[in-house]
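**Student:** Here's a structure for you.
The values are calculated or read from the model by the stated rules, or taken from the named source; none is laboratory data. None of these values were measured; they are calculated from a predicted model. Positions of Cβ are backbone-derived with ideal geometry, glycine not excepted, and every protein chain shown enters the neighbour counts. To get the accessible areas, we keep the full protein, side chains included, count just its heavy atoms, and leave off ligands, DNA and RNA. Shrake-Rupley method; radii C 1.70, N 1.55, O 1.52, S 1.80 Å.
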Amino acid sequence: MLRRDILCRSSPRHSPSVCRVESYVNKRSLCALRWSCASVAVFLGGCNMDVLSPKGDIGIQEKSLILIAMGLMLVVVIPVIAMTLYFAWRYRASNTKATYAPKWSHSTAIEAVVWTIPCIIIAILATITWRTSHTLDPYKPLQSNVKPITIQAVALDWKWLFIYPDYGVASVNEVAFPAGTPVHFEITSDSVMNAFFIPQLGSQIYAMAGMNTDLNLMANESGKFEGLSSNYSGEGFSDMHFMAVATSQQGFTDWVNKAKASASPLDAQTYHALAQPSEKQPVSYYTSVKPDLYNDIIKQYMGDMNMGRIGEPSPSQASAVPSPNDHAKASE
């Protein structure tokens with residue numbers, strides 16, 4: 001700033017008012033830059049980049065899609081930002097060498113560039129989106145020589161229930177499966193709409209009451225991957241997390257045996273108690289599961305009024321229970 005002040009005093013073509021304005025603008029710009037950098041550091045400090053650190057085939061393909069789309073968009077964004085800064089500097093008030101053309105209004109060459117390049121980028125993105133919408137279809141089974149396992153996931157308030165129909169066990173807020181084995185998730189909700197998401201494995205998908213949603217994932221390596229609900233569902237939403245454990249085949253067998261060794265069966269009454277709203281639910285295991293529990297959860301919302309809530313008497317059963325008024329009428 002000292003050099004600028006000396007230049008202003010020594011050069012006759014720099015008026016004092018212009019110099020003061022430039023000095024003020026430079027100070028404000030420097031201050032704004034410092035605060036911007038500090039803000040970026042603060043906000044990005046809490047970011048989790050699991051999506052860009054995939055551990056499964058689907059996650060790897062989705063990471064590639066994200067980077068390709070971002071790269072294509074930066075083809076426009078970076079030149080626009082650079083030219084904005086350059087024009088602001090090139091055509092500043094104190095630069096008497098810059099061309100002043102207040103009546104300029106059109107350039108065919110510029111119009112061709114600013115329309116052609118975005119159209120090309122949009123066409124490329126549309127093609128990529130069309131192809132990946134089919135190749136990354138969550139309902140599409142994964143190609144593998146290994147037989148997939150089926151896991152039924154139920155979104156509750158505010159926890160996740162995982163049922164293993166082929167093994168007859170269940171767990172809360174923890175799901176385990178062998179690495180290198182396709183996993184076929186069947187997903188529903190016994191509450192408001194939620195979203196099932198394991199960032200490092202890919203493919204967020206919604207869980208809705210009365211509806212079954214399919215999702216196929218596979219972990220390429222062993223590890224523990226954080227899962228969550230990515231759709232706001234009430235006051236306990238922020239703690240609606242679960243742990244996805246990818247392990248060896250022997251490790252998965254041991255996990256199933258641990259669940260079978262627990263003392264709690266998941267019958268209708270136990271499920272009814274579990275479905276009540278609760279926050280920060282600890283991990284728990286169930287040694288057995290009520291037959292066809294997952295389908296019964298869905299049927300509650302299918303319009304069958306005789307179904308009732310699981311663990312509660314159905315309307316027909318409730319009407320058969322004598323009430324105090326019935327006893328009063330009988331005594332009369």
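**Student:** For residue 55, what accessible surface area do you get with a 1.4 Å probe? Give it in Å², rounded to 10.
**Tutor:** Residue 55 has an accessible surface of roughly 50 Å² with all protein chains in place.
**Student:** Relative contact order of segment 149-300: what whole-number percent is it, with Cα pairs under 8 angstrom and at least 6 residues apart? Please list the in-between numbers first.
**Tutor:** Working: 373 pairs, mean separation 45.6, N = 152.
Answer for segment 149-300 is 30 percent.
**Student:** Hey, another quick one. Go through 90, 309, 131 and list them by solvent-accessible area, largest first, probe radius 1.4 Å.
**Tutor:** 131, 309, 90
**Student:** Which values of log₁₀ I(q)/I(0), to two decimal places, follow from the Debye formula for segment 192-269 at q = 0.14, 0.19 Å⁻¹ with a uniform point scatterer at every Cα?
**Tutor:** Log-scaled intensity ratios, in q order: -0.65, -1.05.
**Student:** Between segment 219-289 and segment 105-156, how far is it from one alpha carbon centroid to the other, in angstrom?
**Tutor:** 32
**Student:** Follow-up question, since we're still on this one. Hey, which lysines would be in cross-link range of residue 63, C-alpha to C-alpha under 24 Å, not counting anything within fewer than 8 residues on its own chain?
**Tutor:** 55, 140, 224
**Student:** Any idea of residue 239's accessible area? Nearest 10 Å², probe 1.4 Å.
**Tutor:** 60
**Student:** To continue, here is another question. What Kirkwood radius, in Å to one decimal, follows from the Cα pairs of segment 149-300?
**Tutor:** 15.2
**Student:** Order 294, 167, 100, 232 by their accessible area, 1.4 angstrom probe, all chains in place, largest first.
**Tutor:** 100, 232, 167, 294
**Student:** Rolling a 1.4 angstrom probe over the protein chains, ignoring ligands and nucleic acids, what is the accessible area of residue 84 in square angstrom, nearest 10?
**Tutor:** My reading of the accessible area for residue 84 is about 80 Å².
**Student:** Given a Förster distance of 51 angstrom, what is the FRET efficiency for residue 276 paired with residue 68, based on the Cβ-Cβ distance and rounded to 0.05?
**Tutor:** The value I calculate is 0.65.
**Student:** Further question: Using a 1.4 Å probe and counting only protein heavy atoms, arrange 142, 74 so the residue with the most accessible area comes first.
**Tutor:** 74, 142
**Student:** Run the simple label-point estimate for residue 104 and residue 258 please: 7 Å along Cα→C-beta, distance reported in nm.
**Tutor:** That separation, rounded to one decimal, is 6.9 nm.
**Student:** Computing the accessible area with a 1.4 Å probe over protein heavy atoms, can you report the carbon and sulfur percentage for segment 149-300? Before the final figure, lay out the partial values.
**Tutor:** Numbers: 2930 of 5650 Å².
So the carbon and sulfur contribution to the accessible surface is 52 percent.
**Student:** Another question about this same structure. Which distance in nm do the two modelled labels at residue 134 and residue 296 give, with both placed 7 Å along the Cα-to-Cβ direction?
**Tutor:** 4.2
**Student:** Using each residue's phi in segment 223-236, evaluate 6.51 cos²θ - 1.76 cosθ + 1.60 at θ = phi - 60° and report the 3J(HN,Hα) Karplus result to the nearest Hz, with x for Gly and Pro.
**Tutor:** x, 10, 10, 6, x, 7, 8, 9, 10, 4, 9, x, 5, x
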